[in-house]
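First comes the structure, then the notes that go with it.
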Amino acid sequence: MTSVILVDPLTFGPDPKTKDNALIQSMHVSNARADMDHSQVCSLVTELETFFKVNCGISTVVVHQSREPRPYRGPLEERGESVCVADGLSIHNVVDDNGVITRRLIVFYPMNPYRQGELARKQLVNHITKAAEESATIELIDLRPFEEEGKYLEGSGSLIFSPGGRYVYMVVSPRSHPEVLEALCRPENLNIAPQNCFLLRCKSMIPHTNLLGWCGTGICAWAISSLLFNKEEEVAFYEHLSATYSCILELSEGEMEKFAGSALEVPVQPRSASAGNAHYVLVISETALAALSSKSRELLMNWYGKENVHTFYGEVLERRCGTSLPSCIAASYTLGSRPPVPSQPSTIEVLRLGTDK
């Protein structure tokens, strides 16, 4: 089953020393504006929680940073991007051909110095670490030691996984290091073959891959014109996309700058075998959907069905932090050719996340 982790943050806003994200529009705001932005982000988290729990029937946990012990809260008050929990951790279910989850993997990612320590220590770091130590059903891949070497990989910000986890795409940047990706994809970890790991480069000062494209089941969107290729590399990448995805949305630089390259597909599974087949919903910000060309928007709606494209207010994330909705939603990934059968507990249920008092 799919899992989702969200974070209700103590504070919100980018570190003022951040220099590598050209999409941040409002680095500095008044105290009143900052309070309003924080309130809007918390409202967004509540809205996302209701959507995933009630509309989708997905196991969802909100980590309230205010519930951390007092000694742990202080550092979080200095981490205004901690709402972007998917940059710091990810959940992966390895599924066999029968839909049985054979491995449950949790990854802790190495973050750049301005974002280290964003994960709630008691509710996430300590809880997950203890579960992995005590249970054979949970495996922890802790990549944070790379921080000491100045090598980073910021989760779903840095990485785009294809459905089923066969391919992974990463735009190389100061926040996305190839050596960390190689470690993550080793056979004992995510087991993604080296030839299926795509290292890309961006023309602009864009730190994260999930601002430049996304992948769904049979569909993808990429701001290919914003990527840096020689002619042979561009042809090879486009041939790969054409062979792997039936529908390709080619985004302009203008669409990318309005966050049209940032969206998240989430599988919604039936509660029982008699309830029908799994279907997919797309989560995208209002800004991003509005930025799409009429052709791309029509392709998107025809592919998913209008009722399965869900928009949320993401402007505050986009304006203040130069990121969008996917970084705030730590949704579990499937590694395998089919989704898990719905009778199995979700990974956050196995972890018993949200049970800390």
- Hey, got the dipole for segment 1-91? About the Cα centre, +1 on K and R Cβ, -1 on D and E Cβ, debye to the nearest 20? 120
- Item | Relative counts (whole %) of C-alpha pair distances in segment 227-345, using bins that are 10 Å wide | 11, 34, 36, 17, 2, 0
- For segment 14-91, restrict the atom set to alpha-carbon positions and state the Rg and Dmax in Å. 14.7, 40
- Note on the structure: The set of residues whose placed amide H lies less than 5 Å from the amide H of Asp8, leaving out same-chain residues fewer than 5 positions away, is Val63, His64, Gln65
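Taking the beta-carbon count within 10 Å as an exposure proxy, list Leu325, Leu249 from fewest neighbours to most.
Listing Leu325, Leu249 from fewest to most nearby Cβ atoms yields Leu249, Leu325.
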- How large is the dipole of segment 52-129 about the Cα centre if only Lys and Arg carry +1 and Asp and Glu carry -1, each at its Cβ, rounded to the nearest 20 debye? 320
- Taking amide hydrogens as modeled 1.01 Å from N in the peptide plane, which residues meet the under 5 Å criterion relative to Phe312, leaving out close sequence neighbours? Ile284, Ser285, Glu286
- Just going by the charge dipole of segment 1-95, with Lys and Arg at +1 and Asp and Glu at -1 on Cβ, which of Val7, Gly74, Met27 is farthest out on the positive end? Gly74
- In sequence order, calculated HN-Hα J values of segment 251-258 (Karplus, 6.51, -1.76, 1.60; Hz; x Gly/Pro): 8, 7, 4, x, 5, 4, 5, 9
- Message: Test of understanding: express the Cα radius of gyration of segment 114-230 as a ratio to 2.2 N^0.38 Å, with N the residue count.
- Response: 1.15
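Of Lys203/Lys306; Lys19/Lys151; Lys19/Lys53, which ones are farther than 27 Å apart at the Cα? Don't skip to the end; give the middle numbers.
Values: Lys203/Lys306 33 Å; Lys19/Lys151 17 Å; Lys19/Lys53 37 Å.
Too far apart for the 27 Å limit: Lys203/Lys306; Lys19/Lys53.
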- Query: Going by how many other Cβ atoms sit within 10 Å of their own, how do Ile284, Ile101, Ile24 line up, fewest first?
  - Reply: Ile24, Ile101, Ile284
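Compute the longest continuous run of the chain that contains no exposed GluC sites (Glu not before Pro); treat a site as exposed when its DSSP state is not H, G, I, E or B and it has at most 15 other Cβ atoms within 10 Å.
Numbers: sites that count: Glu77, Glu78, Glu188.
Longest site-free region, per DSSP loop and neighbour criteria: 189-357.
Among Ile5, Ile219, Ile160, rank each residue by its count of other Cβ atoms within 10 Å, from fewest to most, as a rough exposure measure. Don't skip to the end; give the middle numbers.
Numbers: Ile5 27, Ile219 20, Ile160 24.
By the 10 Å Cβ count, ascending, the order reads Ile219, Ile160, Ile5.
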- Per residue, the convex hull enclosing the Cα atoms of the chain spans a volume in Å³ of 133
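Find how much the distance from Lys306 to Glu349 grows on full extension, using 0.36 nm per residue of separation minus their present alpha carbon separation; answer in nm with one decimal. Before the final figure, lay out the partial values.
On the way: separation 43, 0.36 × 43 = 15.48 nm, distance 3.11 nm.
Here the segment from Lys306 to Glu349 would lengthen by 12.4 nm.
Write down the Kirkwood hydrodynamic radius of segment 318-357, to one decimal in angstroms, obtained as one divided by the mean of 1/r over all alpha carbon pairs. It would help to have the intermediate numbers written out before the result.
Details: mean 1/r = 0.0756 Å⁻¹.
For segment 318-357, inverting the mean 1/r across all distinct Cα pairs yields 13.2 Å.
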- Message: One quarter of the convex hull surface, Cα atoms only: what value does that give for segment 192-257 in nm²?
- Response: 4.7
- Antiparallel DSSP bridges in the chain: what percent, to the nearest 5? 50
- Ordered by residue, what ³J(HN,Hα) values in Hz, to whole numbers, does segment 36-44 give under the Karplus form 6.51 cos²θ - 1.76 cosθ + 1.60, where θ = phi - 60° and Gly and Pro are x? 5, 4, 4, 4, 5, 5, 5, 5, 4
- Show that you can apply the helix-only estimate: for the chain, add -39,500 (n - 2.57) for every DSSP H stretch of four or more residues, divide by all residues, and state [θ] at 222 nm to the nearest 500. -7500 deg cm²/dmol
- According to a simple spin-label model (label point 7 Å from Cα along Cα-to-Cβ), what is the distance in nm between Arg103 and Val235? 3.7
- Note on the structure: In whole Hz, the Karplus estimates of ³J(HN,Hα) for segment 145-161 (6.51, -1.76, 1.60; θ = phi - 60°; x where Gly or Pro) are x, 4, 4, 5, 8, x, 10, 10, 7, 9, x, 6, x, 7, 10, 10, 9
- Task: Can you tell me the relative contact order of segment 264-354? Whole percent, Cα pairs under 8 Å, sequence separation 6 or more.
- Result: 28
- Taking just the C-alpha trace of segment 105-173, give me its Rg and Dmax in Å. 13.3, 36
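If you take the Cα Rg of segment 19-155 and divide it by 2.2 N^0.38 Å, with N the number of residues, what do you get? Walk me through the numbers before you get to the answer.
Values: Rg = 17.0 Å, N = 137, 2.2 N^0.38 = 14.3 Å.
Against the empirical 2.2 N^0.38 Å value, I get 1.19 for segment 19-155.
Given Cβ point charges of +1 (Lys, Arg) and -1 (Asp, Glu) and nothing else, what value in debye, to the nearest 20, does the dipole of segment 239-339 about its Cα centre take?
Working: 8 positive and 11 negative charges, 78 e Å.
I would put it at about 380 debye.
Values in this text are rule-based calculations from the coordinates and carry no lab data. Remember, it's a predicted structure, so these values are computed and weren't measured experimentally. When we count neighbours, we look across all protein chains shown, and the Cβ atoms used for this are built from the backbone with ideal geometry, even at glycine.
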